[in-house]
Amino acid sequence: MSVRTPDPDPTPDPLDGSGARPGPAWLSDIELEQIRRRLPLLYVEAVPVRVDGLGQVTEVGVLLRANAVGEITRTLVSGRVMYGETLREALFRHLEKDLGPMAFPLLPASPVPFQVAEYFPLPGVSAFTDERQHAVSLAYVVPVTGTCEPRQDALEITWMTPDEAVSPTVCEELEGGRGALVKAAMAAVGKLT
């Protein structure tokens, strides 16, 4: 399971004149690997939903993607919080990255997540696993009102009813224990039957 967010192409650093370098908020792949072995990283995750006129969740969006070893898996919108970036900025950036610029997410008014998920490299420590690292993720339910056209490593978004989203079949397909996260999201919005 991977909650990897690809870093953007290096940008030139005008101060040293040596050419392309990562921007100040980004880590090189080597730096990221070293940091992952030493301390937990902060992530945001979003369960994209469609709501009716009364604000009741009618559909849940789950991403289909190919992971690093070529397996097709289901996942949620997720990614790291950069140095100097607010939670709202990180959430918006990852929603746009994964769902496209026309998704029009309605970010929550409060930065309080519905759940804090702690990912460990070894299974059994918590319900969530990420073999690369110890990560702490703040999870949000985010209504989207526009057209979703997945980008980056996401192949498509599948919209399903809340009952379908928490079914054992779908929950087992969600990588890293995210089935438990979808169940918690639906419980938080009163849709867990």
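The values are calculated or read from the model by the stated rules, or taken from the named source; none is laboratory data. Quick caveat, the model's predicted, so the values are computed rather than measured. Every residue, glycine among them, receives a Cβ derived from its backbone with ideal geometry; neighbour counts consider all protein chains shown. Heavy atoms of the whole protein, side chains included, go into the accessibility calculation; ligands, DNA and RNA do not. Shrake-Rupley method; radii C 1.70, N 1.55, O 1.52, S 1.80 Å.
Overall, the chain carries a charge dipole of about 360 debye about its Cα centre when +1 sits on the Cβ of Lys and Arg and -1 on the Cβ of Asp and Glu, all other atoms neutral.
Summing Lys and Arg as +1 and Asp and Glu as -1 over all other residues whose Cβ lies under 15 Å from the Cβ of VAL60 gives a net charge of -3.
Once you put a point 7 Å from the Cα of ILE35 and another 7 Å from the Cα of GLU118, both along the Cβ direction, what distance in nm separates them? Result for the modelled spin labels: 2.1 nm.
For the chain, the mean residue ellipticity at 222 nm estimated from helices alone is -6000 deg cm²/dmol, where every DSSP H run of n ≥ 4 contributes -39500 (n - 2.57) and the total is divided by all residues, rounded to the nearest 500.
Out of the total accessible area of the stretch 40-142 (probe 1.4 Å, heavy atoms of protein only), what percent is carbon and sulfur? Walk me through the numbers before you get to the answer.
Working: 2980 of 4630 Å².
Roughly 64 percent, rounded to a whole number.
Remark: the THR161-SER28 segment gains 43.9 nm on full extension, using 0.36 nm per residue and subtracting the alpha carbon distance.
Within the stretch 72-125, the GluC sites (Glu not before Pro) that combine a DSSP coil assignment with at most 16 other C-beta atoms in a 10 angstrom radius are GLU85. Specify the inter-centroid distance of the stretch 162-193 and the stretch 84-148, based on alpha-carbon positions, in whole Å. About 15 Å separates the Cα centre of the stretch 162-193 from the one of the stretch 84-148. Filter the trypsin sites (Lys or Arg not before Pro) in the stretch 33-108 down to the DSSP loop ones having no more than 15 other Cβ atoms within 10 Å, then list what survives. When the trypsin sites (Lys or Arg not before Pro) of the stretch 33-108 are filtered for loop state and at most 15 Cβ neighbours within 10 Å, ARG37, ARG38 remain. Once the 1.4 Å probe is applied to the protein heavy atoms, the chain comes out at 52 Å² accessible per residue.
Out of the DSSP beta bridges found with both residues in the chain, what percent are antiparallel (nearest 5)? List each step's numbers first, then the result.
Numbers: 25 of 37 bridges.
The antiparallel proportion sits near 70 percent.
For the chain, the relative contact order is 25 percent, taking Cα pairs closer than 8 Å that sit 6 or more residues apart in sequence and dividing their mean separation by the residue count. Sites listed here are trypsin sites (Lys or Arg not before Pro) in the stretch 103-193 whose DSSP assignment is loop and whose Cβ has at most 13 other Cβ atoms within 10 Å: ARG151.
Taking Cα atoms only, the orientation of helix 87-99 departs from the longest principal axis of the chain by about 80 degrees. For mean projected area of the Cα convex hull in nm², the candidate list reads (i) 13.0; (ii) 17.2; (iii) 11.8; the entry that matches the value derived from this model is (iii).
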